[in-house]
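Single-structure report; data block below.
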Amino acid sequence: MLKLFLAMLSRNACGYWLLYALLVPSISIGQYTSEQAEVYLQQLHESPFENTDSALSLTNSLINFFGKKKMPCAQVKALTQKGMYLTTKQDYKSALEHILEAQRKLDKTSCDVDVQCQIDLALISLYIKLGDLNKARILSHKAIKRCSGNNVDKATMVILYLKLGQSSNEIESSIPYLDTAYNLAKDGGYLPFEQRALIDIGTTYAINGMVDKASDYLKLALKVARERNDIINLGLLYNNLAGLTDDHERIVNYMDSALYYARLHQNLKNEQTYTENMAYAMYNASRYKEAYLTLWQSVELKDSLIELNKYEAIAELEKKYEAEKKSNEIQALKLKNLNTEVEKLKYKRNQNSLLIGTLILLVVMGVLAFNFITIRKNRNLLAQKNTELSHERKRSDDLLLNILPGEIAQELKQTGMAKAKQFEVASILFTDFIEFTQTTETLSTEALIEELNYCFMGFDNILEKYGLEKIKTIGDSYMAAGGLPVPFAAATKNTVMAAIEMQSFISERRAAQMKVGKPSFEMRAGISTGPVVAGIVGVKKFQYDIWGDTVNTASRMETMGEANKVNISQSTYDLLKREPELVFENRGYVAAKGKGEIAMYFVALA
């Protein structure tokens, strides 16, 4: 049962920035004073909007207002806040542009240190979203050192410590900072951030297998969520607590509470997910009849979700069609009335019948021509809308295939879910760049993103060539797998061949960069083969991921590797040692963190 629910414990599932709704009415900033506008800006910082589009509209108004009032420091804060919301919407290019614009304006004026701290915070958030956790940690440490003891707004310090804690999943490098954020939020009365810190602490413990501690902190978060009447996260927290216990009856009770809040919030998607989880919980509690009925409820809810999505997709089109249909009916009625008047006119003016008939013919032809053009235009518009709807559906399918493997995406589209699967033999590949932090310090943010994008696009093409599956990137680390989601005989060999080709690709790139005097990377690569579990993580933003000791061993192979070489485990070597295309260098037993001494081999082309 624990595996069933742990996928729900991702920080995204609990809402990264969308935890708290700020109930601000629709306003026209121009009718408020400067002091009131600054209050709205501070509220945006301390209690971010749940509705990101509303937040962006308000920040745009504030940016214009502070510009007209010649309040540069307030305008810099508003630009920074807009960058934060654009990061939340995953519009990273625009987010970076606004953050850099805020920095340029700050460099031209004199503001409190708090303004620079907020810019640092926005940049840290962007690094985390881009997966560059190492750079996020470095900047977080610098920002905390710069901002501590400088009379900086306490909410800014809370968020800085939260970000520093969120930049790692390891207890020793995460929990101390999250604890500090929690204590600062509690002292300052910032309930949303207090709840966020408790959830992050609980999530970190859960990821590291410390279930009891995770449960304790999520229960504290539950208490704060009740105090705030945060019905969205009350449902999520009860669902996640269910995943941290083996007591089947308690799981059923937790899921009952989660369902209550999903229905209270009228969130059909969460209600369907929780109903399905409730069915599994009842089944494990040997309440088979109830489990069967509840599972049918989840199927009906899933059908309702599909119908709702269909309705939303065509509602706008139907509305447009009805409007055009009504317009056509009005035109037809006008034509009918006109014909009636023409008949009366003919009767009254018999002496001028020829002239009148000619005029009537011209009028009728004009009306008919207009009506014909209108109908044809409406039909063309309807066809255009159908084409646009088809294109949008294709874009949605293409986006899903970019996020998930094809087989998993198809299963998700057909059934609304994709179950985790056990694979007995899969080869896991990790790569990372040596001295990445030192190299990136010589690059601008734009140049760093461009270089990583170039390297990772090259890796993607190599994976496609060998039939491997990309799992994810974390900063400068790249993770892939062979043999899943569809196993094939040559998976292990293809994984090794791909790693060797990736090393060649990076070596060629390094040589080209050095010729023009630009910084470049060297890379380690590690592979291990064995059983893994693979499935989808999250309920809001899907991510295909893998777990198991094989993954940990592959990570150690990469860590204990060397530049320009591919390091493999004993299990991978045993499967490939008779391959004539490959040569192996026995490294003996090497000490690896958390694994003790394990056998390792370098592999290369013969």
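Some notes on this structure:
- Dividing the alpha-carbon radius of gyration of region 204-294 by the rule-of-thumb value 2.2 N^0.38 Å gives 1.07.
- Distance in nm between pseudo-label sites at V583 and M365 (7 Å out along the Cβ direction from Cα): 9.0
- For a modelled paramagnetic label at N564, 7 Å from Cα along Cα-to-Cβ, the residues of region 428-472 in reach, with backbone nitrogen under 19 Å, are 431-436, 439.
- Accessible area of region 447-606 belonging to carbon and sulfur atoms, whole % at 1.4 Å probe: 52
- Loop-located GluC sites (Glu not before Pro) in region 569-606 (DSSP state other than H, G, I, E, B) with a sparse environment of at most 12 neighbouring Cβ atoms within 10 Å: E581.
- Pair E435, D179: separation of 7 Å Cα→Cβ label points (nm): 3.6
- With protein chains left intact and a 1.4 Å probe, residues in region 73-144 average 38 Å² of accessible area per residue.
- Separation in nanometres of the label points that stand 7 Å from Cα toward Cβ, at T442 and S304: 6.1
- Per-pair calculated FRET efficiency, R0 = 41 Å: D212 and F602 via Cβ, rounded to 0.05: 0.45
- Gain upon complete extension [K593, E290; 0.36 nm per residue less C-alpha separation]: 104.4 nm
- Extension reserve of the K472-S507 stretch, reckoned as 0.36 nm per residue once the Cα distance is removed: 10.4 nm
- Using a probe radius of 1.4 angstrom, the carbon and sulfur fraction of the accessible surface of region 84-237 is 48%.
- Region 431-575, Cα convex hull volume normalised per residue, Å³: 115
- Net length available on complete extension from Y92 to R263 is 58.2 nm, with 0.36 nm assigned per residue and the Cα-Cα distance removed.
- Among the listed pairs K142/K515; K421/K577; K68/K105; K213/K289; K465/K593, a Cα-Cα separation exceeding 25 Å is found for K142/K515; K421/K577; K213/K289; K465/K593.
The values are calculated or read from the model by the stated rules, or taken from the named source; none is laboratory data. Note that the structure is a prediction, hence the values are computed from the model and not measured. Every residue, glycine as well, gets a Cβ built from its backbone with ideal geometry; the counts of neighbours run over all protein chains shown. Surface accessibility is based on the protein's heavy atoms, side chains included, excluding ligands, DNA and RNA. Shrake-Rupley method; radii C 1.70, N 1.55, O 1.52, S 1.80 Å.
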